[in-house]
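Everything on this sheet refers to the single structure shown next.
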Amino acid sequence: MRKSVSVIALILILVLSIMTGCAKETSKEASEEKQYQYYTAEQLKQGIEEEDSMFIVDIQVKEEFDQHHIKGVIATYAYPVKTEEDKAKLDAILPQLKENDDPIVIVCPRGGGGAEKTYNHLLEQGIEEERLYILQDGQAGWPYEELLEK
C-alpha cells in the first residue's frame, strides 16, 4: 500500500513539474509578443507640417472624433475593433490604403488595444507591416492644438 501511494505521489509530482514547465513556456511565449511600430506625436506633427505623404487612420468613435481629431485624418469610427462590424469599417478604406506604399499611422483614443487590433487587422488584409504605425498615446496624448479640428 505504501509503495502505491509513493508511486502515485511521484506521478503527481512529475505531472505538476511538466505542467509548470508548460506554464513557463507559455509565459516565455507571452514575453515574445508582437512588437508594434510607433510614431510619436512629434514625428507625426513633423510629417504633417512637411506634408509627407501618409495615411492617418482615426478609429475613435464618432462622438469622440467630433469633439477633437487631428487635421487630415481618415475617420473610420471603428473603435474598439472587436466585432466584424468594426472591422468592416476598416475594410471600407482598404482600397484607399492600397493605392500606394505610404505609411499608415493609426490613431485611437489612447494608443492601446484598439490600435493594436487595427494594426493586426490591416496586416491580415494584406497591408505590409513596414507601413503600419500606431500613434503613441493616441488622441489623448496629442499635444498640438494647432493641428486639431473640433
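The values are calculated or read from the model by the stated rules, or taken from the named source; none is laboratory data. Computed from a predicted model, the values in this text were never measured in an experiment. Quick reminder, even Gly has a Cβ in these numbers, built from the backbone with ideal geometry, and neighbours come from all protein chains shown. With ligands, DNA and RNA removed, areas are computed over all heavy atoms of the protein, side chains included. Shrake-Rupley method; radii C 1.70, N 1.55, O 1.52, S 1.80 Å.
Exactly one of these conditions fails for residue 32: (1) acidic (Asp, Glu); (2) open to solvent by less than 100 Å² (accessible area, probe 1.4 Å); (3) modelled with pLDDT under 95. Give me its number.
Only one criterion is unmet by residue 32, namely (2).
What residue, among those in region 49-106 that are open to solvent by 40 Å² or more (accessible area, probe 1.4 Å) and of a type in the set (Val, Ile, Thr), is nearest to residue 140 (Cα to Cα)?
Across region 49-106, the extreme among qualifying residues is 61.
Six or more apart or on different chains, Cβ atoms under 8 Å: show the pairs whose first residue is in region 90-112 and over 17 Å from residue 123 (Cβ atoms) and whose second is of a type in the set (Gly, Ala, Ser) and open to solvent by 20 Å² or more (accessible area, probe 1.4 Å).
Pairs that qualify, where the first residue is over 17 Å from residue 123 (Cβ atoms) and the partner is of a type in the set (Gly, Ala, Ser) and open to solvent by 20 Å² or more (accessible area, probe 1.4 Å), are 100/53; 109/140; 110/140; 110/141; 111/140; 111/141.
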